[in-house]
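The values are calculated or read from the model by the stated rules, or taken from the named source; none is laboratory data. All figures in this text were calculated on a predicted structure; none of them were measured in a lab. Heads up, the Cβs are rebuilt from the backbone with ideal geometry, glycines too, and the neighbour counts pull from every protein chain shown.
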């Protein structure tokens, strides 16, 4: 209904009707229009803040689904990492032990990525902590799977070389000693027969008559043959796979430098050259550069009973000959 305006006229003491101009009418309409638009916009904004737009609702729903999917993915990767760790332990403690190989170093298995921050671009994302953590686990899993794959390649190669490795591993006594009577002294701390002081004896001594045959204890290549200080006439055979054997105090050589020898082949004769108190063979086994106890490498020669007797005889400290 259209409003009617009046103004009091003191001269006539009556109310005169006012007729607004076009400008006044226009301004009135505009004022009402702007007020209505403002109220409408304000109501719309309030509704958006309370309920959100359809697109925002859809985005929130998608974000919630993505977060749930990331959580599921993170749990599945944890399970995959657990399975991979079981495989790694089996690789180190079973497969590599069978082939007498060193386990993969922990520093290599657990090594991270160096350089700049790989995940800096993810820090600005929503739920960045979850995204970065999941991505880190994925990177770690990918790297460890690659390392484990390379390790299995090594194991497969060792399987193919297994027969050759068995031929090369030192596995017999270096002289004929079936009754074990030629065993003079074993590996470990002993009293030096010349100086009378306690010292480490890095091999085993076998007493025998001069010229007694000395045998290569595994397939390999003669890499050194000549005089060695303290050892006298010495032959060193490299068997590959990290194994070397040393034969010292020899009377003579019956092989050639660089020759490929087989297990049981005669390579020299027992003597008393170098630092020696009587004719005997000093025999050492080296594994990956470390001297080890030769008594552990007679498994093709000794029964369980003979092995036990060999250990007891080798522990005798009264028969060190060098």
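Brief remarks on what is shown
- Residue count for the stretch 94-125 satisfying the condition of being under 14 Å from residue 148 (Cβ atoms) and either at pLDDT 75 or above or not in a helix (DSSP H, G or I) (or both): 9.
- The strands (runs of 3 or more DSSP E) found wholly in the stretch 187-279 and carrying at least 3 residues that are modelled with pLDDT of 95 or more and closer than 30 Å to residue 102 by Cβ occupy 220-228, 232-240, 243-248.
- Every residue from the stretch 280-301 that is in a strand (DSSP E or B) and touching a strand residue (DSSP E or B) at 6+ places or on another chain (Cβ under 8 Å): 280, 281, 282, 283, 284, 285, 286, 287, 291, 292
- Residue within the stretch 238-256 that is crowded, with 17+ Cβ neighbours inside 10 Å, assigned by TED's automatic domain parsing to the domain that holds residue 222 and out of contact with any strand residue (DSSP E or B) (no Cβ under 8 Å at 6 or more places or on another chain) present: yes
- Candidates 211, 232, filtered to the one that is touching a residue at least 40 places away in the same chain (Cβ under 8 Å) and under 20 Å from residue 186 (Cα atoms): 232
- Residue, modelled with the highest pLDDT, within the stretch 139-171, restricted to residues that are touching a strand residue (DSSP E or B) at 6+ places or on another chain (Cβ under 7 Å) and assigned to a loop (DSSP other than H, G, I, E, B): 170
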